[in-house]
Every structure is written in C-alpha cells, then in structure tokens.
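Shown next, in structure tokens, is the structure this report addresses.
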Amino acid sequence: MPKDINTIIETLKDNPENMPFEIYQIYLDEETLYMACYPEDVQFFDENGNPQTYYAAALSRQSVNTKTDTVVDTTTVSIDNVSQEMSAYIAATEFVGRKIVIWKVFHEDLSSADNYVPIFAGYMDEPKISQYSMSVTVVSSLDTLDKQLPGRTFQTNCNWQFGSTECGVAVPTKTGIIESISSDHMTINDLDITEASDYWEYGSITIDNKTRVIKESGSGYVIVEYPFSANVVAGDSYDMEAGCDKSYDNGVNSCSGWDNTQYYGGFLSIPKIKDIREI
C-alpha cells in the first residue's frame, strides 16, 4: 500500500523555494549502507524509525522507467568510483539481488521519521564498474515476469559466491591485531599471519567496519588493493576472510586449491562457433 504524504511534506514541496535531495538504503548481507546524495552527512531516520547518519556520496540515478505492459519498473543508480573504493568493495561483497530503497527528503525539515517521499524500491542487478563510477540497474520487486533462463552465465569462471551453499567451502577466517601499518596504509603487518604466500589473496580484510580486497599476502603481512583511512593504526583489530579466484585449477586460491572441484560452478571449456564455410 503506498505511503501517504503527510501535511509537512505537502507544504514543503509546494513552497516556492525548497531543498529536496535523495537518500539511499542499500541492504547488503554484511551491513546496510546509508548514503545521501548531498555534499555533507545528513541525520535522518532509518527504515525502523531510528536515528541514522546518511553519509555524503556522489550519487546519481536515471529516471524511473514505469511500464504499463509486462516489463517491470527499473532505474539505474551510479556511485562515484574515482578512489576505487566501490570497485574493491564490490569485489568483496555480494550486490546482486540485494535490496535498495530510495527516499526523497527535504533539508528544511528532517525532524520526523515520516518526513520523506518513497521514490523507488527494488533489487540490484550485476554492478558495472568503470574507472570513474559504479552503476547498477535496480529492478522493481514486482519482477516476476519475463524471467530469462538459464540463471547462470555460460563462462569458465565459477558462478558461485565463495562459501555459499552451492560452493560448499567453509571459508577460512582469521582475527588479529595490527602490529604495524605502512605509511601508504596498504600493507598490514602482523607476525601471527603465518599462512603460505598468497593464501589470503582474493580474500578481504575488515578494519573498523571498512573492507578491502587483499591483492597479496605472505608471512607476517597482507597488502590491500587501495588504502585504509589514516585513522587505522597499529593496535586496531582486524578480521580476514580467504577468497577464490573463480578458476578451476590456477593455484592455491582456485577451486582445485580449495579441494572443491566437485562443486565447480563454471564450465571447463566453451566451444568455439564453427563457421560452416570453413573446411
């Protein structure tokens, strides 16, 4: 049932001058991201009516495509990726099929949890990453028609999320304390990291609720794809998860390396298209 717009919002939207902007709730498995298409952080309320900080982000979206036939409503959301933060975050987090909600609020009155207008709610498709932005198509929850099959992509890389029910691997984890961190905040050192070289490659490390993809690991250290913030220092705790390179047999981080080839979710080979004119 659609949300009724209260009298405060009715008054604000009819004012000759007002300052509307959009806020986003992105429901991931690990956490919910709260973002605001605004130049500074905003204090408002979450989906349960609790006070919540919406963090400033360079967001944009296309208009909502509303159809009268069997094609469901969609929109496309873009998030800045100049710092490469979103691309690394996506590599360690499952976005596909996760819910996103968009509200419009007015800067003139953020005092009540009811002072918003629902713009769109749906589920995210496969993110597309470029050097400058991450974009994702959001599909209405009414997407029950025109389902394309098969659901998996015909590719050599494994389709399963590492550690999922389909994958079957119990993902190795590790918790520790940072002994030191490099000046560029990309190398985390801890003598308790004793696993073989590249054991943690393709995995992730989380410090202070910020996650980075690990691009290299060895005895006593891991190196991440892009730096942690300056407030991450020696003495902070970390949590690590191993990863998979999605290949069948390409080393320690492959399906073979995890002794899991019976659950490989890709195709060992893809047949070439034969030209009938060739003899």
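The values are calculated or read from the model by the stated rules, or taken from the named source; none is laboratory data. Everything numeric here is computed off the predicted structure, so don't read it as measured data. Backbone-built Cβ (ideal geometry, glycine too); neighbour counts: all protein chains shown.
Quick look at the numbers
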read-out	value
Where I26 falls short, out of the listed (1) assigned to a loop (DSSP other than H, G, I, E, B); (2) at pLDDT 85 or above	(1)
Those residues of segment 131-152 which are at pLDDT 80 or above and part of a loop (DSSP other than H, G, I, E, B), in sequence order	none
Subset of segment 51-64 [touching a residue at least 12 places away in the same chain (Cβ under 8 Å) and under 22 Å from S112 (Cβ atoms)]	Q52, T53, Y54, Y55, A56
Hey, S237 in contact with an Asp or Glu (Cβ under 6 Å, 6 or more places away or on another chain) and either modelled with pLDDT of 90 or more or farther than 23 Å from L28 by Cβ (or both) or not	no
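Condition check ((1) within 23 Å of the chain's Cα centre (by Cα); (2) at pLDDT 75 or above; (3) more than 30 Å from H185 (Cα to Cα); (4) aliphatic (A, V, I, L, M)) across all residues:
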residue: D4; (1), (2), (3), (4): no, no, yes, no
residue: N15; (1), (2), (3), (4): no, no, yes, no
residue: M35; (1), (2), (3), (4): yes, yes, no, yes
residue: G49; (1), (2), (3), (4): no, yes, yes, no
residue: Y54; (1), (2), (3), (4): yes, yes, no, no
residue: K67; (1), (2), (3), (4): no, no, yes, no
residue: T75; (1), (2), (3), (4): yes, yes, yes, no
residue: E85; (1), (2), (3), (4): yes, no, no, no
residue: V101; (1), (2), (3), (4): yes, yes, yes, yes
